[in-house]
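One structure is given below, encoded as structure tokens.
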Amino acid sequence: MFADRVLSGMRPTGSLHLGHYHGVLKNWIHLQQQYECLFFVADWHALTTHYDTPEIIEQNVWDMVVDWLAAGVDPSQATLFIQSKVPAHSELYLLLSMMTPLGWLERVPTYKDQQEKLSDKDLGTYGFLGYPLLQSADILIYRANLVPVGEDQVPHLEFTREIARRFNHIYGKELGFEEKAEQAIKKLGSKKSKLYNELRNLYQEQGDGGALEEARSLLTEQQSLSLSDRERLFGYLEGGGKMILAEPEALLTGASKMPGLDGQKMSKSYDNTISLREDPVSIEKKIRTMPTDPARVRRSDPGDPNKCPVWQFHMVYSNHDTQEWVQQGCRNAQIGCLDCKSPIISAILAEQGPIYERIQKYEEDPTLVRNIIADGCEKANKLAEETMRDIRKVMGLNYS
Ligand code: TRP
Ligand code: SF4
């Protein structure tokens, strides 16, 4: 609806590992250079599953933010904040709950999946059922249109889009909407209003998605249009009322190429991680003891890199020549597995070096991180407040 805005959150799981780095953080670092970005710690979301261990939250929050910064997430490019320090998220969550059909929440696939997966916990709670709605509030409150997430979060994004649509449908009606929209079209000037009408027809009559996109960018460029006219024209394009909340799109991160030490997904719960804070001795030990293709019992036995988790690491860390050397050497039993692992150890150490130094810097002076977050929270609060003003108004709450 407005210029592109990226938002993503991470539950505070404490210090991060190489899976987070290659799967998520590098993507964030890339995005922060192209878009306005907001990245936050979803500490309330942590409580939906860990409400009985509140003592772990705080340390996990700060460790995670330090790791973001050390990995290269840059507070001069992106806004970094903590969910619970922007109380408007909870206000929007409450207001949205008024119009959220219970069945929609019960049908989000992660609801039953996670309950089954974490069966040692009692997740028959109101808060856990509301998990996706809280996430919707996180996104909608900033009118973020791009949300980088993994595949597992797609149902939450789809749910959020439905909430936004329902909200716009219920609260986006205004008296004389059509006339106001027609007047707003005239304000575009004759050439652009003609183009707007053409694109709107193409979309409404033929479902032409390209025309919709083009019309949207036409509107985004119209700096002189007032905010409410712009909302009207966005809504009018699709035939609805005024568009108050933007429907976000998932920016799929793509499965991380970084597997764990045992070839499964890298995850704390599988105990197969290398932490961003791992010391060099331990990195070396973990790689040296990694399992390899079981066919290579003796050094003279040929192997197949496709059956070896070490090869996956080469795909992330090694250049073409090294990869060739592995392929040939492994298949012809010309190299030993320890030889093969050696460039991986060097590559991880080289990658970790500067990250580790930055972690030290932030650990030595905790005020650095506190200040960055305080700054980010202030910015986030301002942005959230802008949307909340509109929302309170259409929900009949703007009296004093
Ligand atoms: N549910 C997300 C996860 O588990 C974390 C999250 C919370 C989030 N709020 C969000 C992600 C808003 C993107 C946008 O990974
Ligand atoms: Fe794996 Fe390398 Fe050994 Fe082949 S040589 S089995 S790729 S560690």
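Derivation of every value follows stated rules applied to the coordinates shown; laboratory data play no part. Note that this is a predicted model, so its numbers are computed, not measured. Every residue, glycine as well, gets a Cβ built from its backbone with ideal geometry; the counts of neighbours run over all protein chains shown.
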Practice task
Please express the shape of segment 99-149 as an equivalent ellipsoid: the semi-axes are the square roots of 5 times the eigenvalues of the C-alpha gyration tensor, given largest first in whole angstrom.
Solution key: 23, 13, 10
Practice task
With a cut-off of at most 14 other beta carbons within 10 Å, and DSSP calling the residue loop, which trypsin sites (Lys or Arg not before Pro) in segment 120-188 qualify? Please list them.
Solution key: LYS173, LYS187
Problem - Check: segment 1-124 dipole with +1 on Lys, Arg Cβ and -1 on Asp, Glu Cβ, in debye - result: 320 debye
Fill in the blank from the handout: Cα-only Rg/Rh for segment 1-115 with Kirkwood Rh rounds to 0.99
Exercise for the section: Inverting the mean 1/r over all pairs of different Cα atoms, compute the Kirkwood radius of segment 110-231 and quote it in Å. Expected result: 17.6 Å
Handout entry: Check: the chain dipole with +1 on Lys, Arg Cβ and -1 on Asp, Glu Cβ, in debye
Key = 520 debye
Exercise for the section: Report the local net charge at THR100: Lys and Arg +1, Asp and Glu -1, summed over other residues whose C-beta lies under 10 Å from its C-beta. Expected result: 0
Practice task
When you have a sec, figure out the Kirkwood radius of segment 278-364 from all distinct Cα pair distances and drop it here in Å to one decimal?
Solution key: 13.8 Å
Practice task
Towards the positive end of the charge dipole of the chain, with charges on Cβ (+1 Lys, Arg; -1 Asp, Glu), say which of GLY260, GLN222, MET290 has the farthest Cα.
Solution key: GLN222
Completion exercise
Of all DSSP beta bridges having both residues in the chain, the percent classed as antiparallel (nearest 5) is 10 percent
Handout entry: segment 177-237: radius of gyration over Cα atoms, expressed as a fraction of 2.2 N^0.38 Å
Key = 1.00
Completion exercise
With the dipole of segment 307-400 defined by +1 on each Lys or Arg Cβ and -1 on each Asp or Glu Cβ, the option from VAL394, ILE345, ALA374 whose Cα lies farthest towards the positive pole is VAL394
Fill in the blank from the handout: Ranked on Cβ counts within 10 Å of their own Cβ, fewest leading, VAL297, VAL66 go VAL297, VAL66
Problem - J(HN,Hα) series, segment 116-121, from Karplus relation 6.51 cos²θ - 1.76 cosθ + 1.60, nearest Hz, glycine and proline x - result: 6, 5, 9, 5, 6, 10
Practice task
Check the straight Cα-Cα distances from LYS173 and name the lysines below 27 Å, setting aside those fewer than 8 residues away within the same chain.
Solution key: LYS186, LYS187, LYS192, LYS194, LYS242, LYS382, LYS393
Completion exercise
Over the chain, the sum of -39500 (n - 2.57) across DSSP H runs of at least four, divided by residue number and rounded to 500 deg cm²/dmol, gives at 222 nm -17500 deg cm²/dmol
Problem - Dimensionless Rg ratio for the chain, taking C-alpha atoms and the 2.2 N^0.38 Å reference - result: 1.16
Practice task
Working from Cα positions, state the angle (0 to 90°, nearest 10) between the long axis of helix 154-171 and the longest principal axis of the chain.
Solution key: 10 degrees
Completion exercise
With a ≥ b ≥ c from the Cα gyration tensor eigenvalues, square-rooted, and the rule rounded for a/c under 1.5, otherwise prolate when a/b > b/c and oblate otherwise, segment 60-174 is oblate
Problem - trypsin sites (Lys or Arg not before Pro) restricted to DSSP loop in segment 216-264 with at most 13 other C-beta within 10 Å - result: LYS257
Exercise for the section: Enumerate the lysines that LYS112 could reach by cross-link, defined here as Cα to Cα under 29 Å, with residues fewer than 8 away along the same chain left out. Expected result: LYS121, LYS257, LYS265, LYS268
Exercise for the section: Pull up the cross-link candidates among the lysines for LYS379, meaning alpha carbon to alpha carbon under 17 Å and not fewer than 8 places away within one chain. Expected result: LYS85
Handout entry: Cα-centre dipole for segment 177-237 with unit charges at Cβ (Lys and Arg positive, Asp and Glu negative), debye to 20
Key = 280 debye
Exercise for the section: Just name one of PHE159, TRP62, LEU199: the one whose Cα is farthest towards the positive end of the charge dipole of the chain (beta-carbon charges, Lys/Arg +1, Asp/Glu -1). Expected result: LEU199
